[in-house]
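Read the structure below first, then the notes.
The values are calculated or read from the model by the stated rules, or taken from the named source; none is laboratory data. No experiment lies behind these values; they were computed from the predicted model shown. All Cβ positions, glycine included, derive from the backbone under ideal geometry; neighbour counts span all protein chains shown. Areas reflect the complete protein model, heavy atoms only, side chains present, ligands, DNA and RNA absent. Shrake-Rupley method; radii C 1.70, N 1.55, O 1.52, S 1.80 Å.
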Amino acid sequence: MKRNKSVSLLFFIFVIMAAFTIFAIIVDARKQHSKKSKPSKHLKGSANIPGPAPAPLPHRGSYPTQSSFFNILSFGAKGDGVSDDSKALLSAWKAACEVPGATVEIPAEFKFLVKPITLLGPCVPHLVLQIDGTLLAPPEAGSWPKSSLFQWLNFKWVHDFTIQGTGTVNGQGFDWWSPSSVYFIQKKSKHIPDMKPTALRFYASYNVTVRDIEIVNSPQCHLKFDNSKRIKVNNITISSPENSPNTDGIHLQNTQDVEIQHSSIGSGDDCISIQTGCSNIHVHHINCGPGHGISVGGLGKDQSVACVSNIIVEKVSLQNTLAGARIKTWQGGIGLVKNISFSNIQVSNVKYPIIIDQFYCDKHICKNQTEAVAISGVRYDQIIGSYTVQPIYLACSSNVPCIDVDLINIQLKPSQGYTSFKQALCWNSYGKSQALLVPSSIDYCLRRDGGFVKRTSRSSHEHVC
């Protein structure tokens, strides 16, 4: 009997211990399950315990599930070259503007007729306009809205933006170049000013790149940057007929920190025009022609202030142009042009390879004025090739002479087949020349004295810039 009681007691103790062990295992299993079921801090979409939101991008929210490619055909564009695809482009732009790293696609093998349009920023960074097809401007000058005669494609306040592709931007400017067409428009609508549209214009933009595309037949200027900064232009082609009026290739105004490189430009006016408010401009590896060459100016029109500094133009080839390396200012202006370098420039059949013209006038007669934009620190180095009219034309203001002008390794010979040539001219220009010099008369062109005149010329104009 005692033995039975002992066995029962042991069995009872065993049962208690087994129950306790099973209970501990269950509790531990529930704890482990609870840990596994908690949402990870990187897991999105949990209804109960959401993870932290990603850092917001400037100006816009994030769209992690949205495509970053916006083909304008998906926004209703026809791409037949006749239908108006302006709204489709604008809609695609607005949608892409909200998405980081987005691309607006102008697909190849389509032609899109687009009326004058403004594409506004700022957008989320790194927006791309990929032009592989053709954008067409309205072909008839009379069809343009009266309020849109300054530009065709206007990019305003865009930052960290790129235009690229294998396509073409066609301004279809032939109607604008006809005097009879423009006269008809002005007669029909008397308040329309005497102006023509720029094909692509950037205003108040920075960190902008334009590369690889072709821009042709703009009504006026092809590519313009105004009040912008940190601009890169690379491997583009600009083309319009030699007789197309005022069709500058690239026009810079109030713009700083620019690099223009490895591009081919031919037009009816300046291949590259650098206007007031520009500084830190580097132009290199450019083929220019036909056209009027590479110009700083015209500056100082209507007695305005002009300030230009730190311009480098090098490794440029010019063929059949009016000018080569040119600085042009109007009489009556004030301000200062300084630190300008033209070097390693090849010229072929250029009328005037080297020009400083402080009597610039685009009319038959301009009023004589004593004031002028001061010019100092201009270097012409290794300008080599052929001219058809005059090798050097330095016509500086009688009251404000050009100072610190350097002519180094200038080798300019008359082009074959031409007979009427003029001697090199240097008027009221101070500086130095250094061999090799062809023609040899260049060595006697610049004045080498007048220290007081030089100091006065510069100091009286620096304060306005």
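Out of 295, 279, which single residue is open to solvent by 10 Å² or more (accessible area, probe 1.4 Å), assigned to a strand (DSSP E or B) and among the small types (Gly, Ala, Ser)?
Numbers: 295 fails: open to solvent by 10 Å² or more (accessible area, probe 1.4 Å).
Selected residue: 279, the only one of 295, 279 that is open to solvent by 10 Å² or more (accessible area, probe 1.4 Å), assigned to a strand (DSSP E or B) and among the small types (Gly, Ala, Ser).
Against the definition (part of a strand (DSSP E or B), closer than 17 Å to residue 276 by Cα and modelled with pLDDT of 95 or more), how does residue 348 come out, yes or no? Give the steps one after another, and end with the answer.
Working: part of a strand (DSSP E or B): yes; closer than 17 Å to residue 276 by Cα: no; modelled with pLDDT of 95 or more: yes.
Against the criterion (part of a strand (DSSP E or B), closer than 17 Å to residue 276 by Cα and modelled with pLDDT of 95 or more), residue 348 does not qualify.
Which of the following residues is among the hydroxyl-bearing types (Ser, Thr, Tyr) and out of contact with any strand residue (DSSP E or B) (no Cβ under 6 Å at 6 or more places or on another chain): 419, 388? Reasoning before the result, please.
On the way: 388 fails: out of contact with any strand residue (DSSP E or B) (no Cβ under 6 Å at 6 or more places or on another chain).
Checking each option against the conditions leaves just 419.
Can you confirm whether residue 99 is crowded, with 19+ Cβ neighbours inside 10 Å and touching a residue at least 60 places away in the same chain (Cβ under 8 Å)? Give the derivation first.
Values: crowded, with 19+ Cβ neighbours inside 10 Å: yes; touching a residue at least 60 places away in the same chain (Cβ under 8 Å): no.
No.
For the stretch 304-334, how many residues meet the condition of being in a strand (DSSP E or B), in contact (Cβ under 8 Å) with a residue 60 or more places away in the chain and surrounded by fewer than 24 Cβ atoms within 10 Å (Cβ to Cβ)?
4
Could you pull out the residue among 248, 175 that is modelled with pLDDT under 95 and not in a strand (DSSP E or B)?
One residue alone meets the criteria, 175.
Which pairs do you get when a residue that is at pLDDT 95 or above, found in the stretch 278-299, comes within reach of a residue that is β-branched (Val, Ile, Thr) and surrounded by fewer than 21 Cβ atoms within 10 Å (Cβ to Cβ), reach meaning Cβ atoms under 6 angstrom, with the pair 6+ apart or on two chains?
Filtered contacts from the stretch 278-299: 282/312.
Residues checked against (1) modelled with pLDDT of 95 or more; (2) part of a strand (DSSP E or B); (3) open to solvent by 50 Å² or more (accessible area, probe 1.4 Å):
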residue	(1), (2), (3)
190	no, no, yes
194	no, no, yes
199	yes, yes, no
202	yes, yes, no
210	yes, yes, no
215	yes, yes, no
218	yes, no, no
230	yes, yes, yes
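Tally up the residues in the stretch 215-230 that are of a type outside the set (S, T, N, Q) and under 12 Å from the mean Cα position of the chain (by Cα), please.
Restricting attention to the stretch 215-230, the residues satisfying the condition of being of a type outside the set (S, T, N, Q) are 215-216, 219, 221-226, 229-230.
In the following step, the residues that additionally are under 12 Å from the mean Cα position of the chain (by Cα) were identified as 222-226, 229-230.
Here the count works out to 7.
Restricting attention to the stretch 365-393, which residues are under 30 Å from the mean Cα position of the chain (by Cα), open to solvent by less than 10 Å² (accessible area, probe 1.4 Å) and not small (Gly, Ala, Ser)?
373, 375, 378, 380, 383 - these are the residues of the stretch 365-393 that are under 30 Å from the mean Cα position of the chain (by Cα), open to solvent by less than 10 Å² (accessible area, probe 1.4 Å) and not small (Gly, Ala, Ser).
Matching residues to (1) more than 18 Å from residue 95 (Cβ to Cβ); (2) modelled with pLDDT of 95 or more; (3) touching a Gly at 6+ places or on another chain (Cβ under 9 Å):
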site: 117; (1), (2), (3): no, yes, no
site: 131; (1), (2), (3): no, yes, yes
site: 140; (1), (2), (3): yes, no, no
site: 145; (1), (2), (3): yes, no, no
site: 155; (1), (2), (3): no, yes, yes
site: 158; (1), (2), (3): no, yes, yes
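Given (1) open to solvent by less than 50 Å² (accessible area, probe 1.4 Å); (2) in contact (Cβ under 8 Å) with a residue 40 or more places away in the chain; (3) among the hydroxyl-bearing types (Ser, Thr, Tyr), where does residue 360 come up short, assuming only one miss?
(1)
In this structure, is residue 235 farther than 21 Å from residue 373 by Cα and in contact with a His (Cβ under 6 Å, 6 or more places away or on another chain)?
Working: farther than 21 Å from residue 373 by Cα: yes; in contact with a His (Cβ under 6 Å, 6 or more places away or on another chain): yes.
Taking the combined requirement at face value, the residue satisfies it.
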